[in-house]
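Undergrad: The structure under discussion is supplied below as structure tokens; questions concerning it will follow.
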Amino acid sequence: MHNAQVEGRGSAVFEQSPCLAVLGTRGDTKEDWLRAGHAMERVLLQATQDGLATALNSEALEWPELRWALRDPESATGHPQVVIRHGYGPRGSRNPRRSVSDVLVIT
């Protein structure tokens, strides 16, 4: 990924390379998974608004040893749920959208 300048703002040194973020929760219950999904939604929407490209990399979390290594024992987010790679990259093409009448029938 290369550093694509966002119009109207400068760039920082860290923007030359993608970054990884680990989204974690206090517990590891189904309720925590749901909360992590809600938080991930907010993170991805904000990243899109900020012009960041994102990719989810959570396969490593399926290995207990790697999941344990990713946790932060000094914070309240000791259970990693998803790894998000983000950075600035080239713009992709827009996806075609179906019309509302193709997918919604009001009766």
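Undergrad: Working only within segment 55-85, note down all residues that are farther than 21 Å from residue 30 by Cβ and polar (S, T, N, Q).
TA: 57, 75, listed by residue number.
Undergrad: Given the options 37, 51, 87, name the one that is surrounded by 10 or more Cβ atoms within 10 Å (Cβ to Cβ) and more than 20 Å from residue 17 (Cα to Cα).
TA: 37
Undergrad: Does segment 72-107 hold any residues that are without any contact (Cβ under 8 Å) to a residue 12 or more places away in the chain and among the hydrophobic types (A, V, I, L, M, F, W, C), and which are they?
TA: Once the filter is applied, which keeps residues that are without any contact (Cβ under 8 Å) to a residue 12 or more places away in the chain and among the hydrophobic types (A, V, I, L, M, F, W, C), segment 72-107 yields 100, 103, 104, 105, 106.
Undergrad: Hey, which of the helices (runs of 4 or more DSSP H) in segment 1-104, taking only ones fully inside, have at least 3 residues that are acidic (Asp, Glu) and modelled with pLDDT of 90 or more?
TA: So the answer is 30-49.
Undergrad: Let me ask something else. Has segment 63-71 got any residue that is within 22 Å of residue 39 (Cβ to Cβ) and touching a residue at least 24 places away in the same chain (Cβ under 8 Å)?
TA: yes
The values are calculated or read from the model by the stated rules, or taken from the named source; none is laboratory data. Nothing here was measured: the structure is a model prediction, and the numbers come from that model. In this analysis, Cβ positions are derived from the backbone assuming ideal geometry, glycine residues included, and neighbour counts consider all displayed protein chains.
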